[in-house]
Amino acid sequence: MKKMTSDVFVLAHYYQAMDIQNAADAVGDSFELAKKAASSPAKTLIFCGVRFMAESAKILCPEKRVILPVENAGCPMADMIKPEDVQKLRKEHPKAAVMAYVNTSADVKAECDICCTSSSAERVARSLEEEEIIFLPDRNLGSYIASLVPEKRFILFDGHCPVHQRVTAEDVRSARSRFPQAQILLHPECPPEAVALADGTGSTSWILNEVEKAPPGTKFVIGTETGVAERLRQTAPGRECHLLMSNFVCEDMKKTTMDDLTRAINGGGTVIELDEGVMKSARASLMRMISV
Ligand code: 13P
Ligand code: SF4
């Protein structure tokens, strides 16, 4: 992939198709990508991922041109919550801190006190002075973090990721009987009854790291989007990795093709534009997360 200028930096999430991951300047989970976007000197960022990720890059780097190659690459979980839902929860629980998973729109982030990703959520929850935490929008990640930080009281918004929500406890039991030697690793967006039966739970990067550092020959069952298993075939070739269920695909993440990336590099794609006031408030929530 030939870029016309070094002023363009291409970021890709681990759930992107492998050709996009291989063409990108930086690949990461949502936390790593937010930090890489903030520290890149390039004037234009092309974000191969879904809209909330490109919005986060714009919020952190308002002076940069941020491009989402495919306009309708969204996140159904992020679309489950609106700013009015946050305002209502605040009224109902005035003493609680509001913690938003980054899988939210800029408008929702602007209503919150602090953001988190799946890799920073436990640290962020522990950093808060408040005893009560409104966690949104993912009830599954929220209940996982609540189990790790029992000294806080969590009020969970009832959202979920339709891709990870499909995982059942029976899927984990069945994988255990088919691959008795394997370690079963799940993303915390999976339902709690499945997470309870896994050998380990963590963010996309955590799963990659666990497999990559294991000795060759180690067996794993991976409970997250197929892009992670595909990447592991490249980065951890000696390990045996099985996907927990077939068709573990985020359709929105797979909307971006090499043609879309080429078009974006040549000046196409959707330019992310956000209201100044929204960006200022949302930036405070994101920066607070990064500083924890
Ligand atoms: P990570 O925070 O692990 O990158 O996950 C983002 C996401 O959208 C998972 O579905
Ligand atoms: Fe959203 Fe789920 Fe896709 Fe992640 S995997 S982008 S949470 S729909």
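FYI, it's all coordinate maths here, none of it is from the lab. Since we're looking at a predicted model, the values are computed, not measured. Please note: Cβ atoms are built from the backbone with ideal geometry, for glycine as well, and neighbour counts cover all protein chains shown.
Descriptive notes on the structure:
- About its Cα centre, the range 108-171 has a charge dipole of approximately 160 debye under the convention of +1 per Lys or Arg Cβ and -1 per Asp or Glu Cβ, with nothing else charged.
- Each of S30, S56, S147 was scored by other Cβ atoms within 10 Å of its Cβ. Listed from fewest to most, they are S147, S30, S56.
- Relative protection proxy for 65-72, 274-281, from highest mean packing down: 65-72, 274-281 (other beta-carbon atoms within 10 angstrom).
- Modelled FRET efficiency - R0 22 Å, S246 with D158, Cβ distances, 0.05 increments: 0.20
- Selection of GluC sites (Glu not before Pro), the range 118-205, meeting DSSP coil and at most 11 other Cβ within 10 Å: E129, E131, E151
- Helix-derived mean residue ellipticity, 222 nm - over the chain, DSSP H n ≥ 4, -39500 (n - 2.57), to 500: -11000 deg cm²/dmol
- All C-alpha to C-alpha distances of the range 103-216, sorted into 10 Å bins beginning at zero, yield P(r) values of 13, 41, 32, 12, 2 percent in whole numbers.
- Taking the Cα centre of the range 14-138 as reference, the dipole from Cβ charges on Lys and Arg (+1) and Asp and Glu (-1) amounts to some 400 debye.
- Ordering A182, A198, G227 by Cα displacement along the dipole of the range 130-231 toward the positive end leaves A182 in first place; charges were set at the Cβ atoms of Lys, Arg (+1) and Asp, Glu (-1).
- Judged by the mean number of other Cβ atoms found within 10 Å, the most tightly packed of the peptides 46-55, 91-100 leads the ranking 46-55, 91-100.
- Once both labels are positioned 7 Å from their Cα atoms along Cα-to-Cβ, the gap between K280 and R263 label points is 3.6 nm.
- Look at the dipole of the range 23-137 built from charges on Cβ: of G49, V124, M77, the Cα furthest out on the positive end belongs to G49.
- Added length on full extension, which subtracts the Cα-Cα distance from 0.36 nm per residue, N22 to W206: 64.3 nm
- Among H187, H13, a tally of other beta-carbon atoms within 10 Å of each Cβ gives an order, fewest to most, of H13, H187.
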